[in-house]
Structures are given as C-alpha cells and as structure tokens.
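Peer 1: Dumping the structure here so I can ask a few things about it.
The values are calculated or read from the model by the stated rules, or taken from the named source; none is laboratory data. Please read all numbers here as calculations on a predicted model, not as lab measurements. Here Cβ is always computed from backbone atoms with ideal geometry, including for glycine, and neighbour counts include all displayed protein chains. Just so you know, the surface numbers come from the protein's heavy atoms only, side chains and all, with ligands and any DNA or RNA stripped out. Shrake-Rupley method; radii C 1.70, N 1.55, O 1.52, S 1.80 Å.
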Amino acid sequence: MKRICVFCGARDGRAPAYLEAARALGTAIAENGIELVYGGGGRGMMGAVADAAIAARGRVVGVIPRDLFQREFLHRGLAELRAVDGMLERKSLMAELSDGFISLPGGIGTMDELFEMWTWTQLGIHDKPSVLLNVDGYYDSMVAFLDEMTAAGYLAPDQRALLRVAGTVDEALCGLQSAAAPGGVRTG
Ligand code: AMP
C-alpha cells in the first residue's frame, strides 16, 4: 500500500483523544513507509495528522480547493500540494492518488468524504477499501444506524461489510492493508 488518504475534521473536537488519535495515525502511516494524502489544512484534526506524519519523516500530499486556502489554513510544510477547483475535484483526486481511506472523527465534510468513497465501491467506480476509526466510541451511533439500515433492507450485508470499523490505529492500518492486498479479503 503506497498511499493512504485520511479524512477528518477541520476542527480539533472536544475530547483530547481525537487529536491524540490523529497524531498517532499520522505517525503510524509515516513509520510504515506509506504516504499520507489528506485535505491540506494546517489546523484541527487535519493539521495534527499531517504534522505528526511530517515529524516522523513521512511524505504528505495535500489536496485542497484554491478557495479554501485561507479558510482551512493551508499547511505550508507539505512535500506536495495539489490545488484543485472544487470539492468534487478534491474527492476525485484524493481517490485517484490513494489505495484506501481511513476516517477519523470529524463533521459533515468528513461524512461526505467517507460516504462518497464507500458509495463508489457500491457503484463499481473503484474497489478501494474504507476504514472507520471509531475513536472513543465517536461513531457508535452511526455504526448502529448502518446496522439498522441493513436490517431494514436498504444496505446489502456485503456492502455493509466493506466499511470496516476499527477501534485502534493499528487495527485500522492492518484492516486497510489486508483489504487492499492483492487477493486480499475485501469484506469482513
Ligand atoms: P468537517 O468534517 O466538516 O470538519 O470537514 C472536514 C473536511 O471536509 C474539510 O476539509 C472540508 O473542506 C471538507 N469538506 C466539506 N464538505 C465537503 C464536500 N462536500 N466534499 C469534499 N470535502 C468536503
């Protein structure tokens, strides 16, 4: 696995565990010799993942719409910055550059990115795996709702299984790598 894309909040979030997980994930990605692709911001969870990866000598690629440079406090220390023309182009390029996706706690932007990448597997646009990093139970109620969606007949069990849920950074990285390996198990 060459590059992992991380989606996460542009803000810090209230619980210190969220920022700690962001840093731990950035460090682990870099220490595994994997490049980080992310939204290019310099603050909040985004800044924390990127700073940690850079501190661990990792290579970080930011993908950011030009009109968000100021609002998201563009990170000035990235190895590569890809300036794009809007949110759709941002998501397409992030998907193209990356071998899989990990979502940390975040807000509606993070939700949009997570669900878009997951629905693209349902549509056959790509088959890149997604992992939800459920830090401190942040996503418990959403996971329960996804199970309800499956029980109600709107989400096929095999599609549901394509979104792995991890409780720790190690679990998230292992889950993503095994799902993305050639001949690897894409579900479970
Ligand atoms: P949030 O989770 O709301 O803090 O947003 C996290 C990131 O998602 C930020 O970098 C936002 O710019 C980005 N974002 C928000 N809406 C969208 C969207 N519709 N498509 C792609 N990225 C988005």
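Peer 1: Taking region 53-73 as the region of interest, how many residues are open to solvent by less than 20 Å² (accessible area, probe 1.4 Å) and farther than 20 Å from LEU176 by Cα?
Peer 2: Summing the residues that are open to solvent by less than 20 Å² (accessible area, probe 1.4 Å) and farther than 20 Å from LEU176 by Cα in region 53-73 gives 5.
Peer 1: Right, next: Out of all the residues in region 130-150, which are touching a residue at least 12 places away in the same chain (Cβ under 8 Å) and open to solvent by 30 Å² or more (accessible area, probe 1.4 Å)?
Peer 2: Result: ASP136, TYR138, ASP147.
Peer 1: Moving on. Looking at ILE34, ILE108, which is the one that is away from the ligand (no atom under 16 Å from the Cβ), within 16 Å of the chain's Cα centre (by Cα) and of a type in the set (Val, Ile, Thr)?
Peer 2: ILE34
Peer 1: Could you list, in sequence order, the residues of region 88-119 that are under 20 Å from GLN159 (Cβ atoms), crowded, with 18+ Cβ neighbours inside 10 Å and of a type in the set (A, V, I, L, M, F, W, C)?
Peer 2: Passing the criteria: ALA95, PHE101, ILE102, LEU114, MET117, TRP118.
Peer 1: Restricted to region 6-29, and to residues that are crowded, with 22+ Cβ neighbours inside 10 Å and more than 16 Å from TYR139 (Cβ to Cβ), which residue is farthest from the ligand (Cβ to nearest atom)?
Peer 2: This residue is ILE29.
Peer 1: Would you mind stating whether LEU123 is closer than 18 Å to GLY26 by Cα and out of contact with any helix residue (DSSP H, G or I) (no Cβ under 9 Å at 6 or more places or on another chain)?
Peer 2: Here the answer is no, as LEU123 does not meet what is asked.
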